[in-house]
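Comments concern the structure below.
The values are calculated or read from the model by the stated rules, or taken from the named source; none is laboratory data. None of the values given here were measured: they were computed from a predicted structure. Cβ sites come from the backbone with ideal geometry, for glycine too, and all protein chains shown count toward neighbours. In case anyone asks, the SASA skips ligands and DNA or RNA and just uses the protein heavy atoms, side chains included. Shrake-Rupley method; radii C 1.70, N 1.55, O 1.52, S 1.80 Å.
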Amino acid sequence: GTDDDEVEGEIADAELFGRDLWLVHVLQMAMGAGSCVLMAGATGLIFGRSAGLVAGAGLALYPPAIFFDGLLGKTVLDLLLTSGLLCLLAAFQRSRRGGLLVAAGCVLGLLALTRENTLVFVAALPFWLWLRFADASRRRRAGWLLAFGLGVALLLLPVGARNYAVGRTFALTTAQLGPNFYMVNNAEATGLYV
């Protein structure tokens, strides 16, 4: 066969479920439903069961969430990860188990891989931990900070190492910060993508 035939054969072999996008839509709908459950759980842990049910139902009926569940894109994953992060932090607030902070750090690392601007929470959440739980000993709070940092590092350091190996730039997510900043803030910027 020709080189083109070989490439097409390799692409076909790499496809797990074929070219039908229905499965992707179903998975995105499941992630959207999962987001509602996680949001209900997070809100319920903080404000009570009734408030949790209202929050979950509100997210289930929120038109932009429904719209983005039907599109192919990362927005559905962003909402699932954000809801998961909130649920883990709410569970930690109630139980104060450090393992939940490792999990929260991992989820925040995943979220940063889809939305780089969420890296701001890597700096903000330690302040929340330190100030919100001032009744705990300094040693215990320092352990919690390390647990959270470990979770973030488990996800982002391998990405940074891979980016360095491939492009000789240690970037924890993507290398789009400079170009994105320039596109929005240059003298000819109109607010539209150019």
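Here is how the numbers come out for the structure above:
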| item | result |
| --- | --- |
| Residues (surrounded by fewer than 13 Cβ atoms within 10 Å (Cβ to Cβ) and under 24 Å from residue 94 (Cα atoms)) located in the stretch 46-74 | 48, 49, 50 |
| Selected residue (only one of 108, 100, 81, 86 is part of a helix (DSSP H, G or I), open to solvent by 40 Å² or more (accessible area, probe 1.4 Å) and of a type outside the set (Gly, Ala, Ser)) | 86 |
| Test for residue 70: is it on the phi > 0 side of the Ramachandran plot and at pLDDT below 90 | no |
| Filter result for the condition that a residue is in contact with a Phe, Trp or Tyr (Cβ under 6 Å, 6 or more places away or on another chain), at pLDDT 90 or above and either surrounded by 12 or more Cβ atoms within 10 Å (Cβ to Cβ) or closer than 21 Å to residue 73 by Cα (or both), over 145, 129 | 129 |
| Subset tally (residues that are in a helix (DSSP H, G or I) and modelled with pLDDT of 70 or more) for the stretch 1-56 | 34 |
| Residue among 161, 171, 147, 187 that is within 26 Å of residue 90 (Cβ to Cβ) and either touching a Cys at 6+ places or on another chain (Cβ under 8 Å) or small (Gly, Ala, Ser) (or both) | 147 |
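Residues checked against (1) open to solvent by less than 60 Å² (accessible area, probe 1.4 Å); (2) touching a strand residue (DSSP E or B) at 6+ places or on another chain (Cβ under 6 Å); (3) part of a helix (DSSP H, G or I); (4) at pLDDT 95 or above:
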{"residue": "91", "(1), (2), (3), (4)": "yes, no, yes, yes"}
{"residue": "139", "(1), (2), (3), (4)": "no, no, yes, yes"}
{"residue": "154", "(1), (2), (3), (4)": "no, no, yes, yes"}
{"residue": "165", "(1), (2), (3), (4)": "no, no, yes, no"}
{"residue": "169", "(1), (2), (3), (4)": "no, no, no, no"}
{"residue": "180", "(1), (2), (3), (4)": "no, no, yes, no"}
{"residue": "190", "(1), (2), (3), (4)": "no, no, no, no"}
{"residue": "194", "(1), (2), (3), (4)": "no, no, no, no"}
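Results for (1) in contact with a helix residue (DSSP H, G or I) (Cβ under 6 Å, 6 or more places away or on another chain); (2) in contact (Cβ under 8 Å) with a residue 60 or more places away in the chain; (3) aromatic (Phe, Trp, Tyr), shown as yes or no for each residue.
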site	(1), (2), (3)
56	yes, no, no
67	no, no, yes
82	no, no, no
90	yes, no, no
99	no, no, no
107	yes, no, no
